[in-house]
Amino acid sequence: MARETPAGDLRLANLTKRFGIFTAVDDLSLTIGQGSFFALLGASGCGKTTTLRMIAGLEEPTSGQVLLGDRDIARLRPYKRPVNTVFQSYALFPHLTIFENVAFGLRRRGIRAVDDEVARMLSLVQLDGYGNRRPAQLSGGQQQRVALARALINRPQVLLLDEPLGALDLKLRRQMQIELKRIQTEVGITFVHVTHDQEEAMTMADTVAVMNAGRIEQLGAPADLYEFPATAFVANFLGQSNLLAGEAVGASGGDVAVTAHGARFSVPAGRSRTDHGPVHLGVRPEKLILVGSADQVPAGHQHVTGVVSDASYVGVSTQYLLRTDWGSELSVFAANSGTPARVAVGGTAVAYWDPRHAFLLPRDAADTDRTSPVLDEPVGASS
Amino acid sequence: MTLLAPTGSGQAPPAPPAARSGRHRLLPYLLLLPGAAWLLIFFGVPLVQLAAASLYDPSGSLSTGYALTWAFGNYPDVVQAYWPQFLRSFGYAGLALVLALLLGYPLAYAIAQKAGRWKNLLLVCVVAPMFTSFLVRTLAWKTILSDNGALVGLLRDVHLLAPDGRLLATPFAVVLGLTYNFLPFLVLPLYASLERLDYRLLEAATDLYASPVQAFRRVTLPLSMPGLVAGTLLFFIPASGDYINAELLGTPNEYMIGNVIDSAFLVRLDYPQGAALSFLLMAAILAVVFGYLRRAGTEEVL
Amino acid sequence: MRVSRWLADRWVMIVALLVLGYLALPILVVAGLSFNRPSSRLSYDFNEFTLDNWRQPCATSDMCDAVVRSVQIGFVATVVATVLGTLMAFALVRHRFRGRSGINVLIFLPMATPELVMGTSLLALFVSAGVPQGFWTIVIAHVMFCVSFVVVTVKARLAGMDRRLEEAAMDLYASEWQTFRRITLPLVLPGIVAAALLAFSLSFDDFIITNFNAGTTVTFPMYVWGAAQRGIPPQVNVIGTAMFVIALLLVGLSSLRGRRARRANLLTGPAQPRPTRRPS
Ligand SMILES: Nc1ncnc2c1ncn2[C@@H]1O[C@H](COP(=O)(O)OP(=O)(O)OP(=O)(O)O)[C@@H](O)[C@H]1O
Ligand SMILES: [Mg+2]
């Protein structure tokens, strides 16, 4: 059934969901290309699950459309949609065996010979021989894999995954990620994947969307989002950023000039979201290089001076905190590449960066620096 | 009121979906109609009729017929005539309730939390007696407590009972019978809510320096409250209206209000009096129940 | 020291077993008396061992008639009450509608009303409506007081059920009817069965309400009541014992099946998922 339907992109058009006066999903519009791997990131409670439920047909949108190809499916009953879900809470049927759970969708569509397919699916998720057990007899991670198998076996046009790998240990999770990605490329199913694991999102997805309070803040290829975030929220939700509050004083040549904390900086126009008014000048911690004095800053680079207030060694890198004259603490990650140029805590140091690595975002006038680590874990640490 | 399995614990059930169409909006009423109609016709209407009957002219009789004379005087009359039986009913039922709680709580707790793989077996032992007719069981108590039975003999031998002391035909026998007969109604709901109690909560409490007694007082007891309330009501209501135990295990000196109502309707054929007594009993029980529910602070039982 | 420690760990279980003994004691007496040849009609004491009562349980034929009638009444009342009550439970748990609290009160009140009051008021209704009392008035009365218990039992099971399971089924191509048939019904069924068992036991054992509405029809409890004045035939104990054994087998079997199926016990309502590790 799923496969005969002419394929197409999944489009959400002005999709809105209100619960009473609370708006869980706010005028969401986006297009997910057929066969692409789309990851949805966002803080807890921002509306990810609600969005998936509207695509699956389990929640009726307050307004807006869900289009698959040219067909508006927003008002179709869930069982009429070529869409399957791996539920956040698994939702395995407790009274059916694992085998029957996995076979459920096939049977509902009138397919009789399910044995081979189910066996194949179970071995895909490494649960061979578990067919006769019941969900309550499996561990959390095993249950999650059954949920995955139960949805995947239907080969839907769109597979919705609501944190499907959350309960798995790191090794199994990596394995399942590879497996998922392989299946996805193989069968060309559109995957919409909700996850809290940034690394998972970045490594697996073609497109990542960051959601905040029911809206998409930014959407694009993982590298684009990381290298050139559109908002302060994205800059600090995806990895970590040093955001200095300043004023853009206009573009000249290919650069936008910025004054911040009494110093002048510049950012290439191509990396500026605005060229006037209050701005955040952003630099990723790993793009900052720490040296002992301003003499060591190469030409064409920009810098701030401060006192090293903390250094923590985390193996692949050392993470410094640099307290500036005006009291903000910048994060600096120095790769442990063997050069012993380490800076002592308490000493004065200079952090410099290549302006081509900086980015410029519009800022609320009341907003100040955002430098203290918002996420105290580096990119890739799972939540 | 939840009998066997109090809701309220576990994850809250998701809100019912909004009505989708006209057909869906009618559906709940269609589902409710037969049952609600049955209850209205065979429970609601008779109750109203009984209220009317309690105001009939007391001088009428079945053969001459009754007239509805709004004889509110029936109420003070029956109170005056039968207040000892009223007091006795609630006294016996209250006493039996205390006994039942002392016996039933440990039993429910043990089955729910300590029995392990014997859980089902023990539960069956609580439930199965309910299938033996309760009259038959009450008559068995009559045998057990009888004057020439082994129990009385033993108690007399150890001088717990005077040589001519009896167990049967005493208030003790009636309270014992009440406790016995309605104990499962207390234990089952209690068991259901204790069964749901996550033992890790108790571990957490002990980890946080609670003594076993404190852990019980602060964690177990509050969490078993819905079952406790439901069980208490299911015990107390039938116990206070019962007259079988007083009849079989007691003497007219132990008669409860149920005996009086029974004889008013079936022996003396005094309908106004019987109806007035019935209504007083129900009003008293409802007053006790709602007073209790408010103190217990559980809205969930409804 | 050791002893007190041992006691401290186990006193709850010990008390529980003693209470169970208290619950079982009359049953043992009944079972014992079912093998008794009483010395006289009014004697309740054990006299002489015999198997006669078990060989000829229907020696007093009106007793067996009463048992059969009680079973018939119990069966009809159970079926009707279970259907009506289950429908109501579905309406209450699954739908929003006006007048819900009124319905809740209507369901609660019969459980808060002494049987005596229900019996007498129903008697008044039948008398004033000129309905002849007998088999069907008993059935009507039994359905009336069983419905509330069915609603409450099924409701608890239904409310404990995870709605997301039904969503998952719909997501997996099951229509509304298929979802009901394959997911909802099997999961609620233990609750319905428990409710039906409860209704049957309430009906079979009811004396007070029946006594007011039976006319000349005699049910088993009424027979026992009447016989208690004249002297109980020992066969009554046979019936009592047999009912107990049947109940034991029934509940035992169903819980055995339930255990194999890893479902929660028949009597405990909703199968709560055991706490498993939650996704972080
Ligand atoms: N049925 C509902 N009624 C009212 N509010 C709801 C309902 N379902 C969700 N919400 C609210 O909508 C918001 C979005 O919920 P949603 O489940 O989509 O979050 P989420 O992004 O999936 O979060 P998480 O990462 O924690 O799973 C939350 O604030 C939630 O409280
Ligand atoms: Mg979610």
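Points to keep in mind about this one:
- Beta bridges from DSSP with both residues in the stretch A:10-224: antiparallel share about 50 percent, rounded to the nearest 5.
- Distance in nm between pseudo-label sites at B:VAL79 and B:ARG295 (7 Å out along the Cβ direction from Cα): 2.1
- Computed from the Kirkwood radius of its Cα pairs, the Stokes-Einstein diffusion coefficient for the stretch C:20-151 at 4 °C and 1.567 mPa s stands at 70 µm²/s.
- Phi to ³J(HN,Hα) by Karplus 6.51 cos²θ - 1.76 cosθ + 1.60 over the stretch C:208-217, Hz, x for Gly, Pro: 4, 5, 4, 4, 7, 10, 8, x, 9, 6
- All Cα-Cα separations within the stretch C:130-218 were binned at 10 Å from zero, giving a P(r) of 16, 32, 22, 16, 10, 2, each value a whole percent of the pairs.
- C/A buried area, accessible surface, summed, 1.4 Å probe, Å²: 2800
- Loop chymotrypsin sites (Phe, Trp or Tyr not before Pro), the stretch B:101-210, which have at most 10 other Cβ atoms in a 10 Å radius of their Cβ (DSSP): B:TYR209
- Short to long, the 10 Å bins of the Cα pair-distance histogram for the stretch C:62-235 hold 10, 31, 29, 17, 9, 3, 0 percent of all pairs.
- Spread of Cα-to-Cα distances over 10 Å intervals beginning at zero, given as percent, for the protein assembly as shown: 2, 10, 16, 17, 15, 13, 10, 8, 5, 3, 1, 0, 0
- The Kirkwood hydrodynamic radius of the stretch A:10-224, based on inverse pair distances between different Cα atoms, is 17.6 Å.
- For chain A, with +1 on Lys and Arg beta carbons and -1 on Asp and Glu, the positive-most of A:GLY188, A:GLY20, A:VAL308 along the dipole: A:GLY188
- Counted over all Cα-Cα pairs of the stretch B:210-283, pairs farther apart than 18 Å make up 58 percent.
- Computed with the Debye formula from one identical point scatterer per Cα of chain B, without solvent, the log10 of I(q)/I(0) at q = 0.11, 0.14, 0.16 Å⁻¹ comes to -0.88, -1.20, -1.33.
- Inter-part distance where the stretch B:228-302 and the stretch A:126-169 are each reduced to a Cα centre, Å: 55
- Averaged over its residues, chain A has an accessible area of 41 Å² per residue, based on protein heavy atoms and a 1.4 Å probe.
- Alpha-carbon Rg with Dmax, taken over the stretch A:240-362, Å: 14.4, 42
- Separation of alpha-carbon centers, the stretch C:63-79 and the stretch A:177-214, rounded to whole Å: 63
- Spin-label model, A:GLN296/C:GLN72: points 7 Å from Cα along the beta carbon direction are separated by 10.4 nm.
- Shown for the stretch A:10-224: the carbon plus sulfur share of the solvent-accessible area, taken with all protein chains present and a 1.4 angstrom probe, equals 48%.
- Estimated FRET transfer efficiency (B:LEU26, A:ALA136; beta-carbon r; R0 41 Å; 0.05): 0.60
- Rounded to the nearest 20 debye, the dipole size of the stretch A:10-224 about its Cα centre is 760 debye, using +1 on the Cβ of Lys and Arg and -1 on the Cβ of Asp and Glu.
- Chain A - Debye-derived log10 I(q)/I(0), Cα point model, q = 0.06 Å⁻¹: -0.30
- Shown for the stretch C:170-249 is the translational diffusion coefficient from the Stokes-Einstein equation, using the Kirkwood radius over Cα pairs, a temperature of 20 °C and a viscosity of 1.002 mPa s: 133 µm²/s.
- Only beta bridges with both residues in the protein assembly as shown are counted; by DSSP, about 80 percent of them are antiparallel.
- Annotation for the stretch C:83-117 versus the stretch B:140-217: alpha-carbon center distance of 33 Å.
- Choice from B:ALA162, B:ALA51, B:ALA93 with maximal GNM fluctuation in chain B (Cα, 10 Å cutoff): B:ALA162
- For chain B: accessible area per residue (Å², 1.4 Å): 44
- Filter on A:LYS48/A:LYS181; A:LYS171/B:LYS114; A:LYS80/A:LYS171 - keep pairs with C-alpha separation over 27 Å: A:LYS171/B:LYS114; A:LYS80/A:LYS171
- Shielding of peptide B:110-121 by partners, expressed as the average count of other chain Cβ atoms within 10 Å per residue Cβ, is 4.
- In the protein assembly as shown, the calculated helix contribution to ellipticity at 222 nm averages -15500 deg cm²/dmol per residue, counting -39,500 (n - 2.57) for every DSSP H run with n ≥ 4.
- At least 40 Å² accessible surface lost relative to isolated chain, residues of the stretch C:144-158 (1.4 Å probe): C:MET144, C:PHE149, C:VAL152, C:ALA156
- Simple spin-label estimate for C:ALA24 and A:THR203 gives 6.0 nm between the two label positions (7 Å along the Cα-to-Cβ direction from each Cα).
- Expressed as a whole percent, the accessible area of the stretch B:73-296 that falls on carbon and sulfur atoms is 66 (1.4 Å probe).
- The magnitude of the dipole of chain A, with charges of +1 and -1 set on the Cβ of Lys/Arg and Asp/Glu and taken from the Cα centre, is near 1480 debye.
- Surface per residue (accessible, 1.4 Å probe) for the stretch C:163-253, Å²: 32
- When the accessible areas of B alone and C alone are added and the area of the pair subtracted, with a 1.4 Å probe, the result is around 9100 Å², both sides summed.
- Solvent accessible area, Å² - C:ILE239, 1.4 Å probe, full protein context: 20
The values are calculated or read from the model by the stated rules, or taken from the named source; none is laboratory data. On a predicted model such as this, the values are computed, not experimentally measured, just so you know. In this analysis, Cβ positions are derived from the backbone assuming ideal geometry, glycine residues included, and neighbour counts consider all displayed protein chains. When the accessible area is computed, the model is the full protein with side chains, heavy atoms only, and any ligands, DNA or RNA have been set aside. Shrake-Rupley method; radii C 1.70, N 1.55, O 1.52, S 1.80 Å.
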